[in-house]
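Okay, so here's the structure we're looking at.
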Amino acid sequence: MTAPVDGVSAGGVGSAQERPGPTSNSDLFFTFNRLALQGFGGVLAVAQRELVERKGWLSREEFVEMLALSQVLPGPNVINLGLMLGDRFFGLKGAFAAVAGMLAVPLVIVLLLTAAYAEFSRLAFVSGALRGMGAVAAGLIIATAIRLMTTLGSNRLGPPLAAAFAVLTFATIVWLRWPLLWVVAGLGTTAVAIAYARTP
Amino acid sequence: MSGLLHPVLSNADLLGLFAHFLVLSLLAIGGAITTAPDMHRYVVDEHHWISDAQFSASIAIAQAAPGPNVLFVAVIGWNVAGPIGAVATMAGTLLPSTALTLLATRWGQRRRDTRFVRAFKTGLTPLTIGLLVATGWVLARPYVAVDARGLGAIALIAVSVALMLRTRISPMWLVALGAAAGALGWA
């Protein structure tokens, strides 16, 4: 257990040099393997906890920035996040080590489960267990979102405007059901333009 | 219905499957799950390779299993055409987005101190947080209802959020709690 890392690093400048990083490609592989195997219902919540709170490889601000990029770029978010983090420390090999670590063992497990599910899906307790795990998975994502909200305080847009953009994003997706492409093109462009005007 | 029985796809069909997922990869802004409706249209409605129920179960299994949610793509491929189907859908999903992500990251990393790249990150961070809450909401919605199981699910979600924020408990234990509560019919 490492000591909790203070997520509110001064001004969010958090340079990578001050933080511990992975020691090797196999460190990357096994760290991502470990977090993927804990990631029931998605890896994001565990990734935040492992990479930021436990390992301290990224500050909260860096994690959110990387996550933002991985969400805007096409493709699975946590895979993109692994690619970026691996690439930052060890280049192409690091990127592939992180993604291989995240996928190899879970892929085998999920395919075994697929074969088994066809046999056992008629049992009520099996579908019930799937429901319960799904509900917890939703809770984990919500908790991760709440924890990352602290980064809005140091956002250069200013906390009120940053919070407004977060709420608008939620509303356009959940209530208006806009395709994500519209949200990013509309709200994203506006937010980046305002941020550009306020960036020295 | 056995998990080991799947339709036999011709090479042309397999190539079509691969090509379709290749295109979807580049449209998967906000995560692979955002292209699930179009995958459904292709493999269920258009080609009838798997049933509606098999499609939904594919996503639920990947959610319940450890690992990234994108593995539901492999499960769909497996249900469509066995191991070679899983390879076709996973490779199709990962190759284009991986190449693009690596190129874009390196481009951005070289220019990370420029005004544009800094503004880009600053502007998108609030959207990321809004999007995360929306994802949690969308995942929670099917379980929330005003009956005994629905209220159980709401309690389960609330307990998960509280324990994640207040303690350093591993999420694995919470998922185990969810599985037990669900198996007993409480949620």
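The values are calculated or read from the model by the stated rules, or taken from the named source; none is laboratory data. On a predicted model such as this, the values are computed, not experimentally measured, just so you know. Positions of Cβ are backbone-derived with ideal geometry, glycine not excepted, and every protein chain shown enters the neighbour counts. Each accessible area value is taken on the protein alone, full model and side chains, heavy atoms only, with ligands, DNA and RNA left out. Shrake-Rupley method; radii C 1.70, N 1.55, O 1.52, S 1.80 Å.
Figures for the structure shown
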read-out: Scope the stretch B:114-155; condition among the polar types (S, T, N, Q) and within 26 Å of A:R177 (Cβ to Cβ); matching residues; value: B:T125, B:T128, B:T135
read-out: Hits in the stretch B:40-90 - residues which are among the polar types (S, T, N, Q) and facing chain A (nearest Cβ under 10 Å); value: B:Q54, B:S58, B:Q63, B:N69, B:N79
read-out: Candidate set: the stretch A:104-133, residues that are more than 7 Å from chain B (Cβ to nearest Cβ) and touching a residue at least 40 places away in the same chain (Cβ under 8 Å); chosen: the one farthest from B:W186 (Cα to Cα); value: A:A104
read-out: Residue, farthest from B:A32 (Cα to Cα), within the stretch A:27-43, restricted to residues that are more than 8 Å from chain B (Cβ to nearest Cβ) and either open to solvent by 10 Å² or more (accessible area, probe 1.4 Å) or of a type in the set (A, V, I, L, M, F, W, C) (or both); value: A:D27
read-out: Scan of the stretch A:66-81 for residues that are over 21 Å from B:F21 (Cα atoms) and at pLDDT 90 or above, ordered by number; value: A:M66, A:L67
read-out: Index of the failed condition, A:P76 passing every other in (1) within 17 Å of B:G108 (Cβ to Cβ); (2) crowded, with 24+ Cβ neighbours inside 10 Å; value: (1)
read-out: Hits in the stretch A:44-62 (condition: more than 7 Å from chain B (Cβ to nearest Cβ), assigned to a helix (DSSP H, G or I) and in contact with a Gly (Cβ under 9 Å, 6 or more places away or on another chain)); value: A:A47, A:V52, A:E53, A:R60, A:E61, A:E62
